[in-house]
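Engineer: The structure follows.
The values are calculated or read from the model by the stated rules, or taken from the named source; none is laboratory data. Every value quoted in this text rests on a predicted model; they were computed, and no experiment measured them. Here the Cβ positions follow ideal geometry from the backbone for every residue, glycine too, while neighbour counts run over all protein chains shown. Just so you know, the surface numbers come from the protein's heavy atoms only, side chains and all, with ligands and any DNA or RNA stripped out. Shrake-Rupley method; radii C 1.70, N 1.55, O 1.52, S 1.80 Å.
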Amino acid sequence: MTVLLAPAHWRDLPQLVQLEAEAHPHDAWTEAAWWGELAGDRREYVVAVDSAHPGGEVPGQRHVLGYAGLDHGGSVADVMTITVHPAARGTGLGRRLMDHLVRSATQRGAEALLLEVRADNEPALRLYARTGFEPLSTRRGYYRGPSGPVDAVVLRRLLDPARPTEPATPEVSAR
C-alpha cells in the first residue's frame with residue numbers, strides 16, 4: 001500500500017472523528033475539539049491518505065488511514081496525537097508519521113519533543129522507544145479506561161536542530 005502524507009483539512013473531520021472514536025473509545029476528541037486543533041496557529045496536523053483511493057468513498061473526502069499532530073511551542077514541541085487505522089497497523093505507518101513530526105519539529109528549531117501515552121498502550125510504547133523517546137515521568141490516573149483510571153507515561157526525545165534533515169514536506173510518499 002502506498003500512502004501520501006498531506007496537511008489535515010476540515011473536510012477530513014468526519015473521518016478524523018470516526019477514527020478517533022474507534023481508536024480511543026474512552027477519551028476520544030470530539031468534532032469541536034478537532035475544529036479547535038485544526039485552527040491552532042502553532043499546530044500542525046497531517047493525514048495519511050491511501051493513494052489508491054485519494055478521494056475516499058465520498059466526493060471531496062480522502063481515505064484517511066492515520067493522522068498525527070504536533071504543537072510547535074518553541075524549543076520544546078509536543079506530539080498531540082498519532083493514530084493509525086486498525087487496517088493499517090503493523091505496516092510501519094505509525095513510524096512514518098512519527099518521522100514526519102520529528103523532521104518538522106527539528107526544522108522549526110525544537111530541541112526536544114514531548115508526548116504522553118497511556119501506560120497500557122504497549123504498541124505505542126514500543127514505537128516511541130524505537131524512535132528514540134525515553135520516559136520522563138508518570139501522571140497517575142491521567143486517562144479514563146473501562147476499568148478505571150490509567151496512568152500516562154510522559155516521554156521525551158532530544159533533537160539536534162543543527163543536524164540536517166530531509167524536508168518535512170506534507171506531500172511525502174510513505175511506502
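Engineer: Sorted from largest down, give the three principal axis spans of the alpha carbons of the chain, whole angstrom values.
Structural biologist: Extents along the principal axes, in whole Å: 45, 45, 31.
Engineer: Let me ask something else about it. In nm, to one decimal, how far is the modelled label at residue 76 from the one at residue 160, with both set 7 Å along Cα→Cβ?
Structural biologist: Each label point lies 7 Å from its Cα, and together they span 2.3 nm.
Engineer: Another question, then. Of the options 8, 48, 81, report the single residue whose Cα projects farthest towards the positive end of the charge dipole of segment 1-112 (beta-carbon charges: Lys, Arg +1; Asp, Glu -1).
Structural biologist: Of the candidates, 48 comes out farthest on the positive side.
Engineer: What percent do you get for the relative contact order of segment 59-122 when only Cα pairs under 8 Å and 6+ apart count?
Structural biologist: 36 percent
Engineer: Same structure, new question: Quick one: among 77, 105, 129, which has the greatest mean-square fluctuation in a GNM of the chain with alpha-carbon springs under 10 angstrom?
Structural biologist: 129
Engineer: Over the chain, calculate the relative contact order: mean separation of alpha carbon pairs under 8 Å at least 6 apart, over the residue count, as a percent.
Structural biologist: 22 percent
Engineer: Counting Lys and Arg as +1 and Asp and Glu as -1, each charge on the Cβ, what is the dipole of the chain about the Cα centre in debye, to the nearest 20?
Structural biologist: Dipole about the Cα centre, nearest 20: 380 debye.
Engineer: Keeping every protein chain present and rolling a 1.4 Å probe, give me the accessible area per residue for the chain in Å².
Structural biologist: Normalised by residue count, the accessible surface of the chain is 53 Å².
Engineer: How long is the gain from residue 28 to residue 42 if the chain were fully straight, where each residue apart is worth 0.36 nm and the alpha carbon distance is subtracted?
Structural biologist: 2.9 nm
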